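Below: the structure, in structure tokens.
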């Protein structure tokens with residue numbers, strides 16, 4: 001496992017934690033010793049077969065990996081072009097890809113003697129995964145969640161509390177993922193001795209972007225093997241939704257050396273990328289800056305102040321992007337596009353009606369881009385999109401936007 005994951009693909013970051021001009025470590029002096037110790041412990045774990053044995057056992061028997069690679073036949077026929085596969089990570093325990101990474105970080109936390117775990121969450125899936133694994137290992141769990149997201153993701157808030165986690169609503173800013181991450185970092189600075197910060201995406205100070213990517217790479221590794229069994233070759237195009245970008249990096253990373261595979265990341269276009277502050281497409285409407293310990297593309301004003309983004313999807317409602325995505329964008333290895341709320345809602349409904357799969361709003365953005373390009377492609381073209389989360393958490397949000405009166409059925 002260690003050799004397969006870390007020696008065969010494109011390298012990065014460098015020794016400073018940089019992907020080209022992006023990434024790095026921009027943290028306070030208080031946190032630097034913790035960051036360096038985490039990096040040291042992760043470097044040891046990467047080549048420790050016992051670490052990977054524990055990960056593989058839990059991935060298999062607790063998470064339910066490998067997740068299926070599903071040929072969406074009715075959707076493919078409806079679109080009339082490329083063959084559409086879905087990597088069904090929404091079938092993981094807890095209903096999303098997040099638990100792939102949480103397991104790795106919490107095993108590291110236990111190795112480091114940390115018994116208090118903090119996390120940030122937007123859509124709630126990372127919070128649920130963290131609360132779940134903390135419950136399994138008997139660790140204290142505190143989850144910071146924007147007050148706005150607490151309201152629109154109520155089912156996941158209840159799940160976290162059932163699992164024994166303390167959910168802390170964050171009222172600063174717009175009360176979304178950015179603000180939750182701010183408060184989690186403040187907690188970490190205050191409680192350095194016994195606390196481990198379990199970051200949910202490929203952002204934050206080094207080594208988090210690379211570490212989260214490595215744990216999520218199980219997604220792309222499985223796709224490589226499954227696609228060979230199903231089609232005898234690699235997919236032509238990979239598509240995944242991006243907030244910070246962990247599900248996307250997990251799918252993309254094992255294919256980065258495969259020049260014949262097209263890679264597309266889909267950002268949240270909100271009400272439209274031409275409307276200021278009404279989207280979260282940082283690669284389209286942002287520029288380089290520093291936030292949450294790393295340098296990347298950010299939505300910001302002329303004075304460098306971070307703007308409040310907007311998306312129907314709580315998990316994509318973040319005014320930045322992981323630094324490796326920023327680098328892949330700049331070197332042209334991956335293409336990044338945006339999808340509006342309206343387009344994502346259309347994809348959400350079509351997936352329900354044609355495939356009997358209720359997707360989360362996050363992968364609905366990726367699916368909307370599949371719907372946009374598949375009809376224009378040859379029938380021999382193979383698309384693989386990451387169905388990274390299930391949509392039960394989003395039904396109230398969708399009902400509201402579709403003007404469906406939930407009181408009629410409640």
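Kindly check whether there is at least one residue in the range 260-274 that is surrounded by 24 or more Cβ atoms within 10 Å (Cβ to Cβ) and not in a strand (DSSP E or B). Break it down into steps so the answer makes sense when it comes.
Taking the range 260-274 and keeping what is surrounded by 24 or more Cβ atoms within 10 Å (Cβ to Cβ), we get 265-270.
Okay, now just the ones that are also not in a strand (DSSP E or B), so none.
Scanning the range 260-274 turns up no residue that is surrounded by 24 or more Cβ atoms within 10 Å (Cβ to Cβ) and not in a strand (DSSP E or B).
Take residue 201 and tell me if it is surrounded by 24 or more Cβ atoms within 10 Å (Cβ to Cβ), at pLDDT 90 or above, under 14 Å from residue 114 (Cβ atoms) and in contact with a helix residue (DSSP H, G or I) (Cβ under 7 Å, 6 or more places away or on another chain). Give the derivation first.
Values: surrounded by 24 or more Cβ atoms within 10 Å (Cβ to Cβ): yes; at pLDDT 90 or above: yes; under 14 Å from residue 114 (Cβ atoms): no; in contact with a helix residue (DSSP H, G or I) (Cβ under 7 Å, 6 or more places away or on another chain): yes.
For residue 201, the condition - surrounded by 24 or more Cβ atoms within 10 Å (Cβ to Cβ), at pLDDT 90 or above, under 14 Å from residue 114 (Cβ atoms) and in contact with a helix residue (DSSP H, G or I) (Cβ under 7 Å, 6 or more places away or on another chain) - is not met.
May I ask you to verify whether residue 312 is touching a residue at least 12 places away in the same chain (Cβ under 8 Å), surrounded by 24 or more Cβ atoms within 10 Å (Cβ to Cβ) and either assigned by TED's automatic domain parsing to the domain that holds residue 385 or touching a helix residue (DSSP H, G or I) at 6+ places or on another chain (Cβ under 6 Å) (or both)? Please lay out each step first, then the result.
Working: touching a residue at least 12 places away in the same chain (Cβ under 8 Å): yes; surrounded by 24 or more Cβ atoms within 10 Å (Cβ to Cβ): yes; either assigned by TED's automatic domain parsing to the domain that holds residue 385 or touching a helix residue (DSSP H, G or I) at 6+ places or on another chain (Cβ under 6 Å) (or both): yes.
Yes: the conditions hold for residue 312.
Out of all the residues in the range 355-367, which are crowded, with 24+ Cβ neighbours inside 10 Å and assigned to a helix (DSSP H, G or I)? Steps first, answer last, please.
Narrowing the range 355-367 to residues crowded, with 24+ Cβ neighbours inside 10 Å: 359-367.
If the condition is that a residue be crowded, with 24+ Cβ neighbours inside 10 Å and assigned to a helix (DSSP H, G or I), then 361, 362, 363, 364, 365, 366, 367 are the ones that fit.
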query: Looking at the range 327-351, which of the residues that are touching a residue at least 12 places away in the same chain (Cβ under 8 Å) and out of contact with any helix residue (DSSP H, G or I) (no Cβ under 9 Å at 6 or more places or on another chain) is nearest to residue 274 (Cα to Cα)?
result: 330
message: I'd like to check something: does the range 288-298 contain any residue that is in contact (Cβ under 8 Å) with a residue 24 or more places away in the chain, outside the structural domain of residue 142 (by TED's automatic domain parsing), under 28 Å from residue 70 (Cα atoms) and not in a strand (DSSP E or B)?
response: no
field: Of all residues in the range 11-43 being exposed (fewer than 14 other Cβ atoms within 10 Å of the Cβ) and in contact with a helix residue (DSSP H, G or I) (Cβ under 8 Å, 6 or more places away or on another chain), the one that is modelled with the highest pLDDT
entry: 21
- prompt: Which number in (1) in contact (Cβ under 8 Å) with a residue 12 or more places away in the chain; (2) closer than 17 Å to residue 73 by Cα; (3) in a helix (DSSP H, G or I) marks the one condition that residue 379 misses?
  reply: (3)
message: Any residue that is within 23 Å of residue 220 (Cα to Cα) and touching a residue at least 12 places away in the same chain (Cβ under 8 Å) - is there at least one of those in the range 138-147?
response: no
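Taking the stated definitions as given, is residue 55 more than 18 Å from residue 244 (Cβ to Cβ) and either within 20 Å of the chain's Cα centre (by Cα) or modelled with pLDDT of 95 or more (or both)? Write out each step before concluding.
Details: more than 18 Å from residue 244 (Cβ to Cβ): yes; either within 20 Å of the chain's Cα centre (by Cα) or modelled with pLDDT of 95 or more (or both): yes.
Yes, satisfied.
The values are calculated or read from the model by the stated rules, or taken from the named source; none is laboratory data. The model shown is predicted, which means the values in this text are computed figures rather than measured ones. Positions of Cβ are backbone-derived with ideal geometry, glycine not excepted, and every protein chain shown enters the neighbour counts.
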